[in-house]
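Each remark here refers to the structure printed beneath this line.
The values are calculated or read from the model by the stated rules, or taken from the named source; none is laboratory data. What you are looking at is a predicted structure, and each value in this text was computed from that prediction instead of being measured. A quick note on method: Cβ atoms are made from the backbone with ideal geometry, for glycine too, and the neighbour counts reach across all protein chains shown.
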Amino acid sequence: MHLNRFAMSLIAVAMTVAAVSTAPGATVAYWQFDEGTPGNDATTVVTQVNSPALDGTGVNDGGGLPDFSSEVPFGTVYSSGSVVNASNTGALSINNTGLPGNVGSHSTGVIQVDGSNALVKQTTFTIELFVKFDLFAEFAGIIGKERNDNGGCSWQIDTDGTGKLRVRFDTQALGTGGNGVSGYNQSWTSNFVITDGQWHHVALTYDETNRTFALFADYAQRATGQTAFNLVYDDDVFEIGHVAGRGFDGWVDEVRLSDTVLAPSQFLAIPEPASLTLLAPALLMVARRRR
């Protein structure tokens, strides 16, 4: 039996945070990418909640349109012990056409969602998804809410120049931006290298009451901090697979936006945390035998 780092992380979170809970929040949007035929262009992606207002549109930003793909992390998706996707058959494929020759290339497709809709301007939220990198690109944007000031973003999840998971916020006043402006380009880099060609669960939580965020990878907190000011939004787009002119190469699946701070035990997972808790002793014994 093979246990990869992702599976062991699931075991760890089941054992350490299964009892953690917060007040349940509402799902604002949930893009599963199951509606398309693998290999076909993702011209439209449908959210399971608040459709059609938050349906996404495929846009060619130099690398063609995103495609639907059968490359999925697993077949059934749970949250807080309940099935939220019983048949996960599709993911979103993003192709960066400048790779591998130019690691600074950002020629990709992207999914864009109407950024003027108040539903994607959540001031307290959890955004989560599964992501798998293929070819390496520096400063690869994964997901975020753009804003017009100096090519910035209200928030975004990306990587640094070495493939480590990172988060950025631009919380300066509207109409301002650039180096030296308080609140512009606040970035926190984790020690978690996400560009290893494996599926990973990634989540970002933000709490307006104290301006704090937490960045998670595989259900473990990898970075935390406090922004200079509360989040600032304009009507620029919400993007999946490319943010603020930065694109990555690989796959994205099961993107969910919630209007509250979720605990790791409430994140999208497989199998459900209770089952993981029961399986953990046996799986750990198998892992020891393989050493």
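Taking the residues in region 23-48 that are of a type in the set (A, V, I, L, M, F, W, C) and touching a helix residue (DSSP H, G or I) at 6+ places or on another chain (Cβ under 9 Å) as candidates, determine which candidate is farthest from Ala118 (Cα to Cα).
Just the residues of region 23-48 that are of a type in the set (A, V, I, L, M, F, W, C), to begin with: 23, 26, 28-29, 31, 33, 42, 45-46.
Remaining after also requiring touching a helix residue (DSSP H, G or I) at 6+ places or on another chain (Cβ under 9 Å): 28-29.
On the way: Val28: 10, Ala29: 12 Å.
Only one residue fits best here, namely Ala29.
For region 214-248, give me the residue count where each residue is under 12 Å from the mean Cα position of the chain (by Cα) and modelled with pLDDT of 95 or more.
6
Return the residues of region 51-97 that are hydroxyl-bearing (Ser, Thr, Tyr) and either at negative phi or modelled with pLDDT of 95 or more (or both); say none if nothing qualifies. Before you say what the answer is, go through the steps one by one.
Step one: of region 51-97, the residues hydroxyl-bearing (Ser, Thr, Tyr) are 51, 57, 69-70, 76, 78-80, 82, 87, 89, 93, 97.
Listed by number, the residues that qualify are Ser51, Thr57, Ser69, Ser70, Thr76, Tyr78, Ser79, Ser82, Ser87, Thr89, Ser93, Thr97.
Any chance region 115-122 includes a residue that's under 20 Å from the mean Cα position of the chain (by Cα), polar (S, T, N, Q), in a loop (DSSP other than H, G, I, E, B) and crowded, with 18+ Cβ neighbours inside 10 Å?
There is at least one residue in region 115-122 that is under 20 Å from the mean Cα position of the chain (by Cα), polar (S, T, N, Q), in a loop (DSSP other than H, G, I, E, B) and crowded, with 18+ Cβ neighbours inside 10 Å.
Here's a check for you: in region 31-61, which residue that is outside any loop (DSSP other than H, G, I, E, B) and out of contact with any Gly (no Cβ under 8 Å at 6 or more places or on another chain) is surrounded by the fewest Cβ atoms within 10 Å (Cβ to Cβ)?
Going through region 31-61, the residues outside any loop (DSSP other than H, G, I, E, B) turn out to be 31, 41, 44-45, 47, 56-61.
Applying the additional criterion that residues be out of contact with any Gly (no Cβ under 8 Å at 6 or more places or on another chain) yields 56-57.
Details: Gly56: 27, Thr57: 15.
Selected residue: Thr57.
Within the set of pairs 6 or more residues apart or between chains, which connect a residue that is over 20 Å from Tyr206 (Cα atoms) inside region 109-132 to a residue that is among the basic types (Lys, Arg) and not in a loop (DSSP other than H, G, I, E, B) with Cβ atoms less than 6 Å apart?
none
Would a scan of region 257-267 turn up a residue that is part of a strand (DSSP E or B) and buried (at least 24 other Cβ atoms within 10 Å of the Cβ)?
So far as region 257-267 goes, yes, one or more of its residues are part of a strand (DSSP E or B) and buried (at least 24 other Cβ atoms within 10 Å of the Cβ).
Does region 224-240 contain at least one residue that is touching a Ser or Thr at 6+ places or on another chain (Cβ under 6 Å), under 30 Å from Pro100 (Cα atoms) and surrounded by 20 or more Cβ atoms within 10 Å (Cβ to Cβ)?
Looking through region 224-240, none of the residues is touching a Ser or Thr at 6+ places or on another chain (Cβ under 6 Å), under 30 Å from Pro100 (Cα atoms) and surrounded by 20 or more Cβ atoms within 10 Å (Cβ to Cβ).
Against the definition (of a type in the set (A, V, I, L, M), crowded, with 18+ Cβ neighbours inside 10 Å, in contact with a Pro (Cβ under 6 Å, 6 or more places away or on another chain) and not in a loop (DSSP other than H, G, I, E, B)), how does Leu92 come out, yes or no? Quick ask: steps written out before the conclusion?
Details: of a type in the set (A, V, I, L, M): yes; crowded, with 18+ Cβ neighbours inside 10 Å: yes; in contact with a Pro (Cβ under 6 Å, 6 or more places away or on another chain): yes; not in a loop (DSSP other than H, G, I, E, B): yes.
Against the criterion (of a type in the set (A, V, I, L, M), crowded, with 18+ Cβ neighbours inside 10 Å, in contact with a Pro (Cβ under 6 Å, 6 or more places away or on another chain) and not in a loop (DSSP other than H, G, I, E, B)), Leu92 qualifies.
Return a yes/no flag: does region 227-242 have any residue that is free of Cβ contacts under 8 Å to residues at least 24 places away in the same chain and under 19 Å from Ser154 (Cβ atoms). Break it down stepwise before answering.
Pass one, region 227-242, residues free of Cβ contacts under 8 Å to residues at least 24 places away in the same chain: none.
No: region 227-242 contains no residue that is free of Cβ contacts under 8 Å to residues at least 24 places away in the same chain and under 19 Å from Ser154 (Cβ atoms).
Working only within region 64-86, note down all residues that are within 18 Å of Asp249 (Cβ to Cβ) and touching a Leu at 6+ places or on another chain (Cβ under 9 Å).
From region 64-86, those within 18 Å of Asp249 (Cβ to Cβ) are 64-73; that's our starting set.
The answer is Pro66, Asp67, Phe68, Ser69.
If I filter region 68-83 for residues that are under 19 Å from His242 (Cβ atoms), in a loop (DSSP other than H, G, I, E, B) and either within 18 Å of the chain's Cα centre (by Cα) or in contact (Cβ under 8 Å) with a residue 40 or more places away in the chain (or both), do I get at least one hit?
Taking region 68-83 and keeping what is under 19 Å from His242 (Cβ atoms), we get 68-69, 71.
Now narrow it down to the ones that are in a loop (DSSP other than H, G, I, E, B): 71.
Narrowing further to those that are either within 18 Å of the chain's Cα centre (by Cα) or in contact (Cβ under 8 Å) with a residue 40 or more places away in the chain (or both): 71.
Yes.
Hey, Phe139 hits all of (1) at negative phi; (2) within 17 Å of the chain's Cα centre (by Cα) but one; which does it fall short on?
(1)
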